[in-house]
There are 2 protein chains.
Amino acid sequence: MAEKTKLSTDAYKGVRDFYPEDMFIQNYIFGVWKKTVEQFGYQEYNASVLEPTELYKAKSGEEIVNEQTYSFKDRGDRDVTLRPEMTPTVARLVAAKRRELGFPLRWYSIPNLFRYEQPQRGRLREHWQLNVDIFGVESSDAEVEGITVASKIMKNFGASETDFEIRINSRKIINFILTDIFKLDEAAAHRLSKLIDRKEKMPAADFEAQSQQILGEQTKLFLNIISSKSGDDLEKITGKQRSEIPGLDDLHSAMKKLNASGVKNVVFSPTLMRGFDYYTGIVFEIFDTNPENRRALFGGGRYDDLLAIFGNERVPAFGFGMGDVTIRDFLETHALLPKYQPSTQLYLCSFDEKSLAFSVSLADRLRESGINVAMDLSGKKISDQIKSAGKQKIPFIAVIGEDEMKTGIFKIKNMDSGEEKAVNENEIKAVIHTKK
Amino acid sequence: MAEKTKLSTDAYKGVRDFYPEDMFIQNYIFGVWKKTVEQFGYQEYNASVLEPTELYKAKSGEEIVNEQTYSFKDRGDRDVTLRPEMTPTVARLVAAKRRELGFPLRWYSIPNLFRYEQPQRGRLREHWQLNVDIFGVESSDAEVEGITVASKIMKNFGASETDFEIRINSRKIINFILTDIFKLDEAAAHRLSKLIDRKEKMPAADFEAQSQQILGEQTKLFLNIISSKSGDDLEKITGKQRSEIPGLDDLHSAMKKLNASGVKNVVFSPTLMRGFDYYTGIVFEIFDTNPENRRALFGGGRYDDLLAIFGNERVPAFGFGMGDVTIRDFLETHALLPKYQPSTQLYLCSFDEKSLAFSVSLADRLRESGINVAMDLSGKKISDQIKSAGKQKIPFIAVIGEDEMKTGIFKIKNMDSGEEKAVNENEIKAVIHTKK
């Protein structure tokens, strides 16, 4: 007998299915994000996941475009890419309506992003990412606000300042070290900056050996410089004054203001790069301090020159991105995830056609009063109907039969505690609201 | 002098950018959708836009898969498609966890979907679509609930029953007409059903001519049948009893129950097909009755056999999809769109570094009290700062200077009316809440 072809129920490799319990967590994360950034005056925008491929060629970094994007030709022979990051898109939108928009412009979005890479913990082929950007601020007040927002989000998730640290650096300082202290040419500077970016991911000995290849006898000085714990250290080791090191004053002032406004866990981190080629000034990252999860959670930086690729004047910009996969891992590690609760509050079970008709109109009135009500329409026996409510984790049920229709008194059962309360229709809402 | 290459700020063809004012409308539409379906006990799920191409080969219909999908090979040579519709995905998710899920299962999602077609009014290459599905209900109670939800959504958008009509039909009736009344073989039945599906989009004469090619002398009877206004008409014209026409009893009972629960604008529409091959029973569509916008807005139907493609037992299912582009057009046509309001409520303008520092801590406290506050960080003159708030349509502003810092009295200006109120910090919230 020929067997029917059976289609797989697997999702595409490296992406996730969101069943209601996953969606609940996703919505919780998005909710904290939205609420926090809107408090700070950020407005939501969005765009399509499809972008012209050329958008990423200018500034995203070669590795991303050549090896990690989903790019293809559409049926009309256009080169199109599933966005691997949101910054080029937001730059495109701002550049397109520069004259109409009011600056400083605060925007946020929660796009899904695509990277073609081997799925592993914390890295999937599709993830969602909060993007928070401020345009039109030259001073490091933009950094102070952006990093405050990032820190506030962590706190609103229930994290305390000891759970994470904020690492901060400036591309200007790095550029000064590479080109002024070590006099590297462009190619060597690029190689060394990529090496610095990978430092946390390789053994110290490898890092030193590879530094040696680029810097030769200057390696020792380099290792000293990048182990500086503060601007003062950096001055001492390089033998330069603060004013001689571009970006250092700015960085110092941002750190001071952050401290003043209650963000205390900021540390200077001279090896911090953040991958993208478009960063021009301060970069930062939020680092998980839990010994079992020591890793960068998210970060961002200043990218003052990016809008110029659209032929516009320069628009100063600072922003960060925060992914849902890493933040979910963080919340799990720190036991900060909320417990699942379906949006449905009450489930009505009915004996027959007649009680079902009664349930339909009861449900209708209860919905008007603000309760989310589902009904069992299966026609199965009551015990099976109750079992179905249980599988769906619906907190309250009521069985509608002859008695209930006659008396107008309903037994509302709390499915967690098993407790039942007999109430009339107007009292149902109060019973359901006993559960937060 | 060589000119710098200038990158275009255009979006990819046929997709939309969502600036905050567009996003506001999008969020309004999504909000009405979510609220309504959750009242009826539907739980949210989601999945990736990337799906294995084979998922669509079985049942979506040839035209969609061969001509209208975004399909490509990934870097690992897998065939992958940007989902053109959500039903195969939801069927996949339900089939994968059939044993763990509680039935009747009510699920919804608001995915973005992709079709490669020429962009035109109401049709873009990417749109978002509310998908509402109920699994595990054999009886037409599923249809009654689903169509009630669809109608309730329209009413929650502010539409009245005269603004739209609900057309309803059954694939079972059509199949009976094609194979039992006209004795067509499978190929001819398929051709005729595709012709019926296109009826509203072609001149009556063309439709008749093409029917003639398939049906010959039976064309007149066919044209009579498909102009039936009711089940009674259908019985008379075909000379069959109600019980002899499969699906007619079910359809009649669903229409009766809809009427009983207050959904009055339902009409029998024997030419209604809805494109997808997977429909097996009742199909329906919401039709705009506005003479300037006469068109189908959205619809759905029963698809009892779809889960069987995953090798599972049959799971009865009914669902519908409602797109954001058509609904936005509808709301525009009927003047039902809400006026833009940014989420930011108050904008603080500051004279200098000192007043900015004051603003930062004032803003902090106001946020704690539940107000969304943005600050101008540009360092520009006050009139420019106010202009920027105006461009962003922020409803209230306050200027922070020496006086305000000394007295603790702030002039809160309503940007619409120009009215100013001088209040202390604790009274700011009340002023802002005068605006709904």
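Residues that are of a type in the set (Ser, Thr, Tyr) number at least 2 in the following strands (runs of 3 or more DSSP E) confined to the range B:278-367: B:346-350. Residue-level analysis places A:LYS220 outside the set of residues that are assigned to a helix (DSSP H, G or I) and under 22 Å from A:TYR279 (Cβ atoms). Residues of the range B:45-73 that are within 19 Å of A:LEU7 (Cβ to Cβ), at pLDDT 80 or above, open to solvent by 10 Å² or more (accessible area, probe 1.4 Å) and facing another protein chain (nearest Cβ under 7 Å): B:PRO52, B:GLU54. Of all residues in the range A:133-177, those satisfying the criterion of being part of a helix (DSSP H, G or I), in contact (Cβ under 8 Å) with a residue 60 or more places away in the chain and closer than 21 Å to A:LEU331 by Cβ are A:ILE147, A:THR148, A:VAL149, A:ALA150, A:SER151, A:LYS152, A:ILE153, A:MET154, A:ASN156, A:GLU161, A:THR162, A:ASP163. Taken over the range A:294-338, the criterion of being open to solvent by 40 Å² or more (accessible area, probe 1.4 Å) and of a type in the set (Lys, Arg) is satisfied by A:ARG294, A:ARG295, A:ARG314, A:ARG328. Here the condition is being free of Cβ contacts under 8 Å to residues at least 12 places away in the same chain and either of a type outside the set (Lys, Arg) or open to solvent by 70 Å² or more (accessible area, probe 1.4 Å) (or both); of A:GLU208, A:GLU217, it holds for A:GLU217 alone. Across the range B:370-388, the qualifying residues are those that are more than 7 Å from chain A (Cβ to nearest Cβ) and in contact with a strand residue (DSSP E or B) (Cβ under 7 Å, 6 or more places away or on another chain), and the one among them that is nearest to A:GLN39 (Cα to Cα) is B:ILE371. Out of B:LYS264, B:LYS199, B:LYS257, B:LYS194, one residue alone is within 35 Å of the chain's Cα centre (by Cα), under 30 Å from A:LEU356 (Cα atoms), assigned to a helix (DSSP H, G or I) and in the same structural domain as B:VAL149 (by TED's automatic domain parsing). It is B:LYS257. A residue that is outside any loop (DSSP other than H, G, I, E, B), open to solvent by less than 60 Å² (accessible area, probe 1.4 Å) and small (Gly, Ala, Ser) cannot be found anywhere in the range B:427-436.
Considering only residues of the range B:339-360 that are facing chain A (nearest Cβ under 8 Å) and touching a Ser or Thr at 6+ places or on another chain (Cβ under 7 Å), which is most open to solvent (accessible area, probe 1.4 Å)? It comes out as B:VAL360. Would the range B:14-35 turn up any residue that is within 7 Å of another protein chain (Cβ to nearest Cβ) and in contact with a Ser or Thr (Cβ under 6 Å, 6 or more places away or on another chain)? Checked the range B:14-35: at least one residue is within 7 Å of another protein chain (Cβ to nearest Cβ) and in contact with a Ser or Thr (Cβ under 6 Å, 6 or more places away or on another chain). When the residues of the range B:96-132 are filtered to those that are among the aliphatic types (A, V, I, L, M) and open to solvent by less than 10 Å² (accessible area, probe 1.4 Å), the one that is nearest to the other protein chains (Cβ to nearest Cβ) is B:LEU105. Checking each residue in the range A:103-137 for being at pLDDT below 95 and not basic (Lys, Arg) picks out A:TYR116, A:GLU117, A:GLN118, A:PRO119, A:GLN120, A:GLY122, A:LEU124.
Yes or no, residue by residue, for (1) at pLDDT 95 or above; (2) open to solvent by 20 Å² or more (accessible area, probe 1.4 Å):
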| position | (1), (2) |
| --- | --- |
| A:LYS6 | no, yes |
| A:LYS13 | no, yes |
| A:ILE25 | yes, no |
| A:ILE29 | yes, no |
| A:GLN39 | yes, yes |
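The values are calculated or read from the model by the stated rules, or taken from the named source; none is laboratory data. The model shown is predicted, which means the values in this text are computed figures rather than measured ones. Positions of Cβ are backbone-derived with ideal geometry, glycine not excepted, and every protein chain shown enters the neighbour counts. Side chains are part of the model used for accessible areas, which takes the heavy atoms of the whole protein and leaves out ligands, DNA and RNA. Shrake-Rupley method; radii C 1.70, N 1.55, O 1.52, S 1.80 Å.
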